[in-house]
Amino acid sequence: MIANKKAAWIHYDADSLDLDSSYNEPFYAAMDHIVAVSKSVMESFRHRFPALKKKTSFCYNYLDCTSLSAQSELPQAIEFEQNAIVFFSACRLTQEKGISRAIRAIAPILKRNQDIFWYIAGDGIEKENILQCIADNGVQQQIKIIGNQENPYSFMRNANAVMNVSFHEAAPMVFLEAAVLQTPVFATQTLSAEEMLHDCNGDFICENSEEGIRSKFEFLARNRKYLEEAKIKKKSIKPSGFDLLVFIKELL
């Protein structure tokens with residue numbers, strides 16, 4: 001059976017990544033619709049492919065909020081330390097995720113604040129380099145690589161903040177997941193960060209550099225009330241829903 005309508009879903013920053021536009025454009029042009037996963041991703045795509053502007057729209061990634069919330073209520077596979085400040089990340093351990101850069105940035109702060117921890121769930125080609133970076137900076141007790149977790153959502157709900165320190169991102173699913181689980185996000189400035197995260201709603205966006213990460217993390221370590229207030233703000237916000245089937249019907 002041949003589909004009557006075809007749509008491409010765009011999950012990358014087309015304007016920043018060094019991809020061959022002349023090669024990709026004919027494939028996109030053959031689509032009836034091009035759907036970006038955020039407004040910022042859409043604008044980036046339209047800038048790179050101006051001839052396709054009229055057929056390009058956006059919607060955020062779909063989440064099964066009910067299932068996600070239910071999973072977050074299950075016991076954690078690894079318990080956090082009592083009376084601690086905990087940051088949590090779930091990501092591929094690859095270079096673009098900026099983990100080693102962030103370790104170097106926050107290690108001096110962690111050493112001065114022994115009750116702050118960073119748990120990182122995931123695996124990838126940079127794992128050994130990241131473990132070595134942790135050891136080189138002497139923070140083995142406070143930065144913990146816990147591998148792939150079948151259920152990262154209980155960690156995410158119970159953390160003080162979700163941490164995303166990538167060099168590049170389009171529209172991370174973790175931003176939406178954290179919103180559903182009412183957990184603040186600490187993130188570097190990437191394509192959709194300002195669109196999807198909001199300081200007034202309890203999130204923390206920093207300059208996308210080692211010094212930017214260090215400065216914002218130092219601020220939170222010295223002013224912990226902001227983390228507490230952020231969690232309260234998040235719990236007062238009801239995440240807006242999204243009906244993927246309705247959106248698809250509108251496209252058709």
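The values are calculated or read from the model by the stated rules, or taken from the named source; none is laboratory data. Computed from a predicted structure; not experimentally measured. As a convention, Cβ positions derive from the backbone with ideal geometry for all residues, glycine included, and neighbour counts pool all protein chains shown. SASA here: full protein model, heavy atoms, side chains in, ligands and nucleic acids out. Shrake-Rupley method; radii C 1.70, N 1.55, O 1.52, S 1.80 Å.
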- Of the residues Ile78, Ile85, which single one is under 27 Å from Ile134 (Cβ atoms) and open to solvent by less than 30 Å² (accessible area, probe 1.4 Å)? Ile85
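Name the residues in segment 6-20 that are small (Gly, Ala, Ser) and over 14 Å from Asp32 (Cβ atoms), would you?
Quick first cut of segment 6-20, residues small (Gly, Ala, Ser) only: 7-8, 14, 16.
Within segment 6-20, Ala14, Ser16 meet the criteria.
Only one of Phe27, Phe49 is over 23 Å from Val165 (Cα atoms), loosely packed, with under 12 Cβ neighbours inside 10 Å and hydrophobic (A, V, I, L, M, F, W, C); which?
Values: Phe49 fails: loosely packed, with under 12 Cβ neighbours inside 10 Å.
Going through Phe27, Phe49 in turn, just one is over 23 Å from Val165 (Cα atoms), loosely packed, with under 12 Cβ neighbours inside 10 Å and hydrophobic (A, V, I, L, M, F, W, C): Phe27.
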- Message: Cβ contacts < 6 Å: first residue more than 15 Å from Asp20 (Cα to Cα), restricted to segment 42-65; second residue in a helix (DSSP H, G or I) and of a type in the set (A, V, I, L, M), any location; separation 6+ or different chain. Result?
- Response: Thr56/Met42; Phe58/Met42; Asn61/Met173; Tyr62/Leu244; Leu63/Leu176; Cys65/Val180
- Task: Being open to solvent by less than 10 Å² (accessible area, probe 1.4 Å) and outside any loop (DSSP other than H, G, I, E, B) is the filter here, so list the residues in segment 105-128 that pass it.
- Result: Ala105, Ile106, Ala107, Ile109, Leu110, Ile116, Trp118, Tyr119, Ile120, Ala121
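Which one is least open to solvent (accessible area, probe 1.4 Å), of the residues in segment 207-238 that are closer than 20 Å to Phe167 by Cα and in a loop (DSSP other than H, G, I, E, B)?
Ser209
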- Those residues of segment 62-80 which are closer than 22 Å to Val37 by Cβ and of a type in the set (Ser, Thr, Tyr) amount to Tyr62, Thr66, Ser67, Ser69
- Query: What are the residues in segment 151-193 that are over 19 Å from Ser69 (Cα atoms) and either free of Cβ contacts under 8 Å to residues at least 12 places away in the same chain or in a loop (DSSP other than H, G, I, E, B) (or both), if any?
  - Reply: Val165, Ser166, Phe167, His168, Glu169, Ala170, Ala171, Gln189, Thr190, Leu191, Ser192
